[in-house]
Amino acid sequence: MLQERYPIDRLRSVLKPRQGWHPFPIATNRESWKALTQYPLNQARKARFIGQAELYLGQPWSPLSAVRYMDYGRNGNRTRYQEFYFERRDRLSILVLAECFEHKGRFIDEIINGLWLICEETTWVIPAHSIKASCEVLPILDGQTVDLFASQTALVLALVYDLLQDELDAVSPVVGQRIRQQIDTQVLEPVEERIVAKWWDGHNNWTPWICSNCLGAAMLTWDDPDRVARYVHRLMEPVDNFLNDYADEGGCDEGPSYWSRAAGTLLIFLDLLYDRSDGQIDVYDEQKIKAMGEYFAYAHLDGPWFTNYADAPANCRVQRGVTYRYGERVGSDMMRDTVLMQMHNWQADGEIEELHGELRGDGILQMLAEMFWIPGDAKPFNLPRPLEAWYPDIQMAVVRSSDVADNGLVMAIKGNHNGESHNHNDVGHFVVMLNGEPGIIDLGTEDYTAQTFGPRRYELWCTRANGHNMPVFDGIEQTAGEKYAAKNVSFMDDGALATFRADIAGAYPAETGLTSLVRTATFDRNAVSAVIEDVIVRGKPTKVLELYLYSWKEPRQIGPGCISIATAPQELGLGFDSSLFTAEIKEMPVTDHKLGLAWGDRVYRIKLTASLPACETAYNLTFTPR
């Protein structure tokens, strides 16, 4: 889509010179910065940025010590180092935005302090991504490693220098020289000269995320048009690999939170090219590009809740400026409406929520995108919700009984395999919502540690199969690996009835003796009900079959075969065969910070247990409003 269509000679002819090109208005462009404040929203932002920046003046910057870097190698903790690492970059972002709004020079010295400290960092690669010898706990500085956050730091520094070049050069040109030197040494030259990284193959979010950062940093710091053209062409190769790895339907197997760093960072890559070429590098009319963007809106369920398989939290945060620009470029009102509804706290007339605090070090880009890419007076469209979405590439279906937000029953279910990027063992897993509240949930994932991506990943309760709602046979769960997959997957929707069907037996190891395990989800819009039917054929009886379902609101058993989950304003009913299953409800404490952001301090586990003496068995779970 890119490298063959735009050879180096064409790139040389269409890419504008660096001088005079800026992806966002620079600080000396007072007309543009003052124009922002015609809107009350941006007046409030200006006051908030300046107020925060004033608190930073004269305050020490977060230390990044060798001991904190060693935490990851010693005990698997990655948050203690990363917290300070990201705080430095987001503090810098606040100071820069305050200076751009106010433009009195009183934050410049503190900005230089931040720039100098970041340039002095031994490495921009975070501990979890550093290349290490078997027993090493500190980074090996071989010049070969370029990770997500090293490349992101390069773009952050390049943006800061672009916004404030005149002001920084007036203090000392050495600041700019130091920034460009470190960007080249730590990021751009390794990619230009000798990249051997796995992210080049395009199989996950690393590819567009790193490529968009490298592209922006090179465009903002290199003057040589031939070098820029060659570099752009080089980066198009892995981005093409990433596009080729996606199916035409556009589904993201990493889940909706990593969509922001997958298709979302693809938008940044494409938009830098589009803008620098005055629209002559343009693939926004490709249907695949639109489908990749709209996946995010289709994965949205209600309110802040998303179809959160893989390592996605249930209450995903959209990168608002980037997602809005994506919707604008591909002509998707649904994408733009999802952004605007989130900004208004999921109410068409709700109060606008401030720029969120989960910026992960690239605050300057996210804040600039939100302010300059979303009109300051934009209002949600409050569009009707799509009654169904089906992604055959990742085998994900979302169905709802009403096209009105926060109204009616919603179910999402997936097939696919257990070798997805950021995989959980969850082939056949489903979630159910009622009137905008989660009923049957996907837990999401905990804060990342060394265990998260190590050999003991599937000992974590939220990644293993019994942290989801597929049957467990005599203690044997689904297992990890791409070969453990659903087969004969289908989805049909005639308007009144939607049916998802998949044989998920292949997601289990051979010792289960399963011949087939056909899970059928039948969603009846007229009856406002969802029925899960499992038909099991196994070569031997099952002494103990266990089904685990998790809920956010408290469930209670109100009669034989009937559990009521306290969603509001209506409760969600769960019906099951009481002659087959016994039910146990248990409160599960949530002590992890990341899970707590979604669910608070507890969730509930509904455990259904049965003995299946016959080798062929079927049972139903029925979900209805009560």
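The values are calculated or read from the model by the stated rules, or taken from the named source; none is laboratory data. Note that this is a predicted model, so its numbers are computed, not measured. Using ideal geometry, Cβ is built from the backbone for each residue, glycine included, and neighbour counts are taken over all protein chains shown. Calculation scope for accessible area: heavy atoms of the full protein, side chains included, ligands and nucleic acids excluded. Shrake-Rupley method; radii C 1.70, N 1.55, O 1.52, S 1.80 Å.
Each helix, a run of at least 4 DSSP H residues, gives -39500 (n - 2.57); summed and divided by the residues of the chain, these come to -11500 deg cm²/dmol at 222 nm. Between the labelled values (i) 163; (ii) 189; (iii) 151, the entry that holds volume of the Cα convex hull per residue in Å³ as derived from this structure is (iii).
What segment 8-90 shows is 53 Å² of accessible area per residue, with the surface traced by a 1.4 Å probe over protein heavy atoms. Excluding same-chain neighbours fewer than eight residues apart, the lysines reachable from LYS483 by a Cα-Cα span under 29 Å are LYS198, LYS288, LYS414, LYS540, LYS543, LYS607.
Measuring with a 1.4 Å probe in the full set of protein chains, what accessible area per residue, in whole Å², belongs to segment 128-242?
Values: 4080 Å² over 115 residues.
For segment 128-242, the per-residue accessible area is 36 Å².
Restricting the GluC sites (Glu not before Pro) of segment 1-100 to loop positions (DSSP other than H, G, I, E, B) with no more than 13 neighbouring Cβ atoms within 10 Å leaves GLU4.
Classify segment 437-573 as rounded, prolate or oblate, taking a ≥ b ≥ c as the square roots of the eigenvalues of its Cα gyration tensor: rounded when a/c is under 1.5, otherwise prolate if a/b is larger than b/c and oblate if not. In terms of gyration-tensor shape, oblate. Taking the Cα centre of segment 463-571 as the origin and placing charges on Cβ (Lys, Arg +1; Asp, Glu -1), which of TYR508, CYS562, PHE491 is farthest toward the positive end of the dipole? Ranked along the dipole, the leading option is TYR508.
Compared with the dominant Cα axis of the chain, that is its longest principal axis, helix 320-330 is turned about 90°. Of the accessible area of segment 396-441, with the probe set at 1.4 angstrom, what percent is carbon plus sulfur? That share works out to 43 percent.
Residue separation of ALA618 and LYS34 scaled by 0.36 nm, minus their Cα-Cα distance, works out to 203.6 nm of gained length.
Tilt of helix 263-276 relative to the longest C-alpha principal axis of the chain, in degrees (0 to 90, nearest 10)? Between the helix axis and the principal axis of the chain, the angle is about 30 degrees.
Once the Cα atoms are used to define both axes, helix 108-120 deviates from the longest principal axis of the chain by about 70 degrees. Distance between the 7 Å Cα→Cβ label points at THR591 and ARG230: 5.6 nm.
Expressed as a whole percentage, what fraction of the accessible surface of segment 167-310 belongs to carbon and sulfur atoms when a 1.4 Å probe is rolled over the protein heavy atoms? Mind showing how you got there, number by number?
On the way: 1960 of 4510 Å².
Result for segment 167-310: 44 percent of the exposed heavy-atom area is carbon or sulfur.
Of interest is the spacing of the C-alpha centroids, which for segment 495-513 and segment 311-345 amounts to 32 Å. Solvent exposure of segment 387-544 amounts to 34 Å² per residue of accessible area, where only protein heavy atoms count and the probe is 1.4 Å.
Among the trypsin sites (Lys or Arg not before Pro) in segment 362-458, which ones are in a DSSP loop with at most 13 other Cβ atoms within 10 Å of the Cβ? Mind listing them? Display every interim value, and only then the final one.
On the way: sites: ARG400, LYS414, ARG456, ARG457; in loops: ARG456.
Of the trypsin sites (Lys or Arg not before Pro), the ones in loops of segment 362-458 whose Cβ has at most 13 other Cβ atoms within 10 Å are ARG456.
Between ALA310 and HIS424, the built amide H atoms are under 5 Å apart, and every one of these is 5 or more places off in sequence or on another chain. When both segment 379-398 and segment 1-62 are represented by their alpha-carbon centers, they are found 33 Å apart.
Across segment 619-624, computed HN-Hα scalar couplings (Karplus, 6.51 cos²θ - 1.76 cosθ + 1.60, θ = phi - 60°) run 8, 10, 10, 10, 10, 9 Hz from first to last residue, x flagging Gly and Pro.
Quick check: at a probe of 1.4 Å, how many percent of the accessible area of segment 493-579 sits on carbon and sulfur atoms? The nonpolar share, carbon plus sulfur, comes to 53 percent. Amide hydrogen proximity for VAL603: with H placed 1.01 Å from N in the peptide plane, the residues at 5 or more positions away or on another chain lying under 5 Å are MET588, VAL590.
Summing +1 for each Lys or Arg and -1 for each Asp or Glu among the other residues whose beta-carbon sits under 14 angstrom from that of THR323 gives +1.
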